[in-house]
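The structure under discussion appears below in the form of structure tokens.
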Amino acid sequence: MKKVITYGTYDLLHQGHINLLRRAKELGDYLIVGVTSDSFDRGRGKLNVRNNVLERVEAVKATGYADEVIIEDYVGQKIDDVQKYGIDIFAIGSDWVGKFDYLNEFCQVIYLPRTEGISSTMLRTKSTVNVRIGIIGCGRMAQRFPSEGKVVSGVSTSACYDVDAEALSIYAEAHGVKACNTIDELYNEVDAVYVASPHLQHYDNIKSALFAKKHVLCETPMVLNGTQANELYHLAEEQGRILMEANKTAHCPAFNHLMVMIKSGVIGEVVDIEASLSQLLDKNGREFDAAQAGGALNEQGSYPLLPIFKLMGLNYENLSIYSRMKNGVDIYTKGVMRYPRAVCSFKVGLGVKTEGNLVISGTKGYAYVPAPWWKTDYFELRYEDQNRNQKFFYKWDGYGLRYEIQEFISCIVNHRFSTARLRRRESIQMAAVMQQFAERKNFIEI
Ligand code: CTP
């Protein structure tokens, strides 16, 4: 049996891809198609891919030409695959002529004629997608949004709104966007909103935007109450609009890769996760104001909860919360979560400094991610036999908001109400943890 392999991103699958796959299949008896993973594409600068890896895999399968679809995730994988799958022919479009000659050492390399006049890039540029985004809340958080949005295709930051007229005009001028004096004026200008107002306004802002039929990307913590979070996600679906919590870590390519690797068993069964994050901030900031729902858990909790929920799920049996309080806010909180066969803990601090790392312990080894693990660009897998230790390096571009903006647009374009990066149920559970804290359940002051 003659085995053929080919690779590609296959974004917005088009006739050029279909022709290529047909020709590749005709070269042999069995065709393997390597589809690039989202993180691999981002790593090589392809940031504007519209369909996520699952959608691209489905599109390739639907052509009927692939006998097997695999994921391409790292540089050098082609050599591994060719040997691993016993490949006879490596085929690729003629735009790559010469680039894969190095594979001649392992199999025959054939450059197939490329279909003229079409490409994913062309479709992305031509597509009429332009999601106009309005900023609600022109404070510190919102400052990074416009420049990050610029590197994602199909997005423009076009207007802003803030209850504070001065903050509004400063922001509008600094970023060249329209200042709207009322929220309704903003809704008339945009298709979606980025909510970066103070925490306690999120709920009302999201609700009003959804009723105005706008998609919503809301800064984390989205809300501080599980019931409210649940209600908002239901409302979004009823309104046919996307609601997404903007948790940077959830969209970080390296973090996602780490999660996938651990789920695939590289450190065995996970029995313990410790995640910490602390930041000594100006004591006069809103982070220390109880009336504005400040405090370490509200400010930072959604980050350490993320790896715990992603890896252990949401069905913990018990959560004990230990906090040092000052003027009504927690300046330090430690949470201990008991799962049926694991124990996880997290530490967050605004007035206490601690080592900020993520350690995931398993039956075969552990993963170590140094600070700032919440914008992961490096991690290690460590084993008893140190020769097996592995270090992984990645790129973290800009402020990292581009990754979540890109996923937000992809969800809008593809009508996906939930993203695998941060499931709605995970976001709801994060809010439920903050609610447990607010209700002082299973809570001990230290
Ligand atoms: N391909 C082709 N004819 C086209 C476009 C792509 O034969 N008009 C081939 C490529 O040569 C490659 C495969 O399809 O072998 C997958 O290419 P991919 O990079 O996913 O598609 P492009 O449309 O070229 O994407 P982009 O514009 O993002 O580079």
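The values are calculated or read from the model by the stated rules, or taken from the named source; none is laboratory data. Source: prediction; values computed, not measured. Cβ placement follows ideal geometry from the backbone for every residue including glycine, while neighbour counts extend to all protein chains displayed. Ligands, DNA and RNA are stripped out before the accessible areas are found, and what is left, the full protein with its side chains, is counted by its heavy atoms. Shrake-Rupley method; radii C 1.70, N 1.55, O 1.52, S 1.80 Å.
Taking Cα atoms, how many degrees apart are the long axis of helix 53-62 and the longest axis of the chain, rounded to 10 and kept between 0 and 90? So the inclination is approximately 40 degrees.
Rounded to whole Å, give me the distance from the Cα center of the range 357-417 to that of the range 233-259. Here the answer is 16 Å between Cα centres. Estimated at the nearest 10 Å², the accessible area of TYR233 is 10 Å² with a 1.4 Å probe.
Only protein heavy atoms count here; under a 1.4 Å probe, THR63 has an accessible surface of about 30 Å². How large is the accessible surface of LYS84 in square angstrom, using a 1.4 angstrom probe and rounding to the nearest 10? Per-residue accessible area (LYS84): approximately 150 Å². For the chain, the longest principal axis of the C-alpha atoms and the axis of helix 226-239 are separated by about 50°. Length available on full extension from ASP272 to HIS14: 0.36 nm per residue minus the Cα-Cα distance, which gives 88.3 nm. Label-to-label distance, LYS213 versus GLN292, with points set 7 angstrom from Cα along the beta-carbon direction: 3.5 nm.
With the cut-off at 1.5 for a/c, could you classify the chain from its C-alpha gyration tensor as rounded, prolate or oblate? The shape class here is oblate.
Compared with the direct C-alpha span, the chain from GLU445 to GLU173 gains 93.4 nm at full extension, assuming 0.36 nm per residue. Heavy atoms of the protein chains alone define the surface here; on that basis the chain has 43 Å² accessible area per residue at 1.4 Å probe size. Rounded to whole numbers, the Karplus 3J(HN,Hα) couplings from phi for the range 129-143 are 4, 8, 7, 8, 10, x, 8, 10, x, 9, x, 4, 4, 6, 4 Hz, using 6.51 cos²θ - 1.76 cosθ + 1.60 with θ = phi - 60°, and x at Gly and Pro. Rounded, prolate or oblate for the range 153-292? Axes are the square roots of the Cα gyration tensor eigenvalues, ordered a ≥ b ≥ c, and the cut-off for rounded is a/c under 1.5. Prolate.
Placing pseudo-labels 7 Å out from each Cα toward the beta carbon at LEU200 and ARG423 gives an inter-label distance of 3.3 nm. Pairs exceeding a 23 Å alpha-carbon distance, out of LYS310/LYS353; LYS334/LYS391; LYS61/LYS84: LYS310/LYS353; LYS334/LYS391. Sum up the charges of everything whose Cβ sits under 10 Å from the Cβ of SER158, counting Lys and Arg as +1 and Asp and Glu as -1, but leave SER158 out. Neighbour charge sum, excluding SER158 itself: 0. Along its three principal directions, the equivalent ellipsoid of the range 296-446 from the Cα gyration tensor extends over semi-axes of 26, 23, 17 Å, largest first.
Fully extending the segment from VAL336 to GLN143 would add 66.0 nm, taking 0.36 nm per residue of separation and subtracting the current Cα-Cα distance. Around the amide H of THR157, modelled in the peptide plane, lie the amide H atoms of ILE133, all under 5 Å away and 5 or more residues distant in sequence or on another chain. In the chain, the longest principal axis of the Cα atoms and the axis of helix 15-26 are about 50 degrees apart. Rounded to the nearest 500, the 222 nm mean residue ellipticity of the chain from helices alone is -9500 deg cm²/dmol, with -39,500 (n - 2.57) taken per DSSP H run of at least 4 residues.
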